[in-house]
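Below: the structure, in structure tokens.
The values are calculated or read from the model by the stated rules, or taken from the named source; none is laboratory data. Remember, predicted model here, so these are calculated numbers, not experimental data. Cβ placement follows ideal geometry from the backbone for every residue including glycine, while neighbour counts extend to all protein chains displayed.
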């Protein structure tokens, strides 16, 4: 059974047992086996340009005795995380998300972010379905699609067009290893995964928009 623990500046998602996790997270990217997914909240001042971020984060994780955890970095106040649990048929999907838009982007364009504000949309999605590697990749495509749809639907407009995400978004998918080969939009897996991610991201996006829209100094 998964458990969420908030210990600011850390947010911890305990998967209960070691699972395959697919991500491009800062710590342990790729397809790995892990039992923890972590968020580390940071401020701009925590990450000066001269800092070796990988070395710094490795040291932080050693102090927490969590070097094997798949780990996100976010400037969002992690107390504002959102989650959604969806069950379709035999598949349960649990999405845990932090949403910040201070470096929002329209896909295919870049806004000048040299001022250094770093928000992000970090999505952790755990499934009960037992997936093959191919199905993990397909689930990742569904999660990213759901994340993007949720961001578009909150209507954050930039000089380059409507925002579709941020420049530092990350998604991690966790599941037991198994025989399920497909996880597309026509499947229970795809429906549960997409709905859980969409709902959690949209809830977080709406909260951010309510707090920061129109604010020049948004830093989350």
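Can you find a residue that is closer than 23 Å to residue 40 by Cα, touching a residue at least 24 places away in the same chain (Cβ under 8 Å), assigned to a strand (DSSP E or B) and under 20 Å from the mean Cα position of the chain (by Cα) anywhere in the stretch 131-143?
First, pick out the residues of the stretch 131-143 that are closer than 23 Å to residue 40 by Cα: 140, 143.
Next cut, touching a residue at least 24 places away in the same chain (Cβ under 8 Å) only: 140, 143.
Then keep just the ones that are assigned to a strand (DSSP E or B); that gives none.
No, the stretch 131-143 has no match at all.
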Restricting the search to the stretch 182-206, which residues are more than 10 Å from residue 139 (Cα to Cα), touching a residue at least 24 places away in the same chain (Cβ under 8 Å) and over 19 Å from the mean Cα position of the chain (by Cα)?
188
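Let's see how each residue does on (1) crowded, with 19+ Cβ neighbours inside 10 Å; (2) at pLDDT below 95; (3) closer than 23 Å to residue 12 by Cα:
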position	(1), (2), (3)
130	no, no, yes
133	no, no, no
155	no, no, no
176	no, no, yes
202	yes, no, yes
212	no, yes, no
215	no, yes, no
219	no, yes, yes
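Residues checked against (1) in contact (Cβ under 8 Å) with a residue 40 or more places away in the chain; (2) buried (at least 20 other Cβ atoms within 10 Å of the Cβ):
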| residue | (1), (2) |
| --- | --- |
| 3 | no, no |
| 6 | yes, no |
| 25 | yes, yes |
| 33 | no, no |
| 40 | no, yes |
| 49 | no, no |
| 76 | yes, yes |
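Does the stretch 151-161 hold any residues that are touching a residue at least 24 places away in the same chain (Cβ under 8 Å) and within 20 Å of the chain's Cα centre (by Cα), and which are they? So that I can check it myself, show each step before the final result.
Pass one, the stretch 151-161, residues touching a residue at least 24 places away in the same chain (Cβ under 8 Å): 151, 153-154, 156, 158-161.
Residues satisfying the conditions are 151, 153, 154, 156.
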